[in-house]
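Engineer: Attaching a single structure in structure tokens format; questions to follow.
The values are calculated or read from the model by the stated rules, or taken from the named source; none is laboratory data. The structure displayed is predicted, hence computed values, not measured ones. As a convention, Cβ positions derive from the backbone with ideal geometry for all residues, glycine included, and neighbour counts pool all protein chains shown. Just so you know, the surface numbers come from the protein's heavy atoms only, side chains and all, with ligands and any DNA or RNA stripped out. Shrake-Rupley method; radii C 1.70, N 1.55, O 1.52, S 1.80 Å.
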Amino acid sequence: MTETFELMAHLTGDRPRCERHAQFMPCQHVECQPGAGQPSWAADVRAVSDAHAVAENAPEQDALPKAFKPGGSFFLQALETPPAVWGNGSEVLWAEGEALVLAGPQGVGKTTIASQLVRARLGLQDTVLGLPVQPGKKCLILAMDRPAQFRRAGRRIFGADDEEYLNEHLVVWEGPPPYDLAKRTDILAAMCDKAGADTVLVDSIKDGALGISDDQVGAGYNRARQKALSEGIQVLENHHVKKAGANGGEPNTINDVYGSVWITAGAGSVVLLWGEPGDPVVSFRHLKQPMDEVGPLQLIHDHQSGVTTVRHSADLVEMARIGGVHGLTAAAAAEALFETKKPTPAQREKARRKLDKLVSQKLLVKVNSTTPNDPARWYPAAAEGSRGASR
């Protein structure tokens, strides 16, 4: 009779079967037992993760009072400009306590830039792309996406550094994590705790959580990210984009980043790199900003040394000088900044903000026209006297 019930369950699909051995679950083969085939370090990481889970599941009366903060202090003591891990003043590419996502197709230098940021966090260089990076104490790299290729790239970038210093301040996790980060949301923080790291590079998001296009998975991964951030870990992530943007063009909006909306919604800053695999020059767009937008920029990758530099960015002060009595309009500035003959209203507004920022820095002055339909114009501050006479 039991065999009959098992046959009926098999035919109706009511009982799951082991895909490897075609037996009803739970499968009795040794290799199918929980934990089988996992590396030795997986148990250690799970132990730390379990400790996080125990603390998280403490009685509510113990946890809740620690979670409350006075509302006045919470808002009124906030800094107007967030402290930058990577950035200067209001040009913040990576803010403290907020994740930075470097998104782009394969082969455009995400790992190269991320490795330079790690090197700067280790105190081995001061700037990346001309902007300062605040040093940290110890970094953990999750080299999950093609780790052999990452290793070769890292050799070029860290090749001149002291091996003993790197061993002390840099830890690498090679291959997939012991558990899916979206399913066990305390694992990322636990791995950083185990490594003693205050910075983590996730390379890449898709390899840490499977099915990242699903909102449930995306929300789970974002929870793991936020738990790490709440532990004081600075989070840097490599990610991918869709194959093409709107109407088959170049991806250039936040919606062109691959996967669940929670991947970008939970990040403080999102940068998009675009080009063909191996291109020495790629475009850089700051899609989501903690403060002011940085760029757009053109980047040059020196693949031999692993160093990235800024090829050029439109010099708006110089453009205003060249404009002479005509100065510079927001539309013309947008054309140069975004390399287009037909800038969108949003691009013109971004250009206007950059021009106004140069006014606040006393590098430009703004002159509003009294003639209808004549746009405002910006002039070099040093030429203000002669310009007033000409008008």
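Engineer: Amide H neighbours of G104 under 5 Å, at least 5 residues apart or on other chains, H built in the peptide plane: list them.
Structural biologist: H239, H240, V241, L273
Engineer: Pulled fully out, how much extra length does the chain show between T127 and K243, if you take 0.36 nm times their separation in residues and subtract their Cα-Cα distance?
Structural biologist: Additional length available on full extension: 38.7 nm.
Engineer: Mind listing P(r) for region 284-391? All alpha-carbon pairs, 5 Å bins, whole percents.
Structural biologist: Using 5 Å bins, I get a P(r) of 2, 12, 19, 22, 18, 11, 8, 4, 2, 1, 1, 0 for region 284-391.
Engineer: Say each of E168 and F74 gets a label point 7 Å from the Cα, pointing the same way as Cα to Cβ; how far apart are those two points in nm?
Structural biologist: 4.1 nm
Engineer: Now, a different point. How would F158, F75 rank on accessible area, largest to smallest, probe 1.4 Å?
Structural biologist: Sorted descending by solvent-accessible area, the residues read F75, F158.
Engineer: Sticking with this one: Going by the alpha-carbon gyration tensor, a ≥ b ≥ c the square roots of its eigenvalues, is region 61-212 rounded (a/c under 1.5) or, if a/c is not under 1.5, prolate (a/b greater than b/c) versus oblate?
Structural biologist: Oblate, since a/c reaches 1.5 and b/c is not below a/b.
Engineer: Across every pair of different alpha-carbon atoms, what Kirkwood hydrodynamic radius in Å does region 170-276 reach? Display every interim value, and only then the final one.
Structural biologist: Numbers: mean 1/r = 0.0697 Å⁻¹.
The Cα-based Kirkwood calculation yields 14.3 Å.
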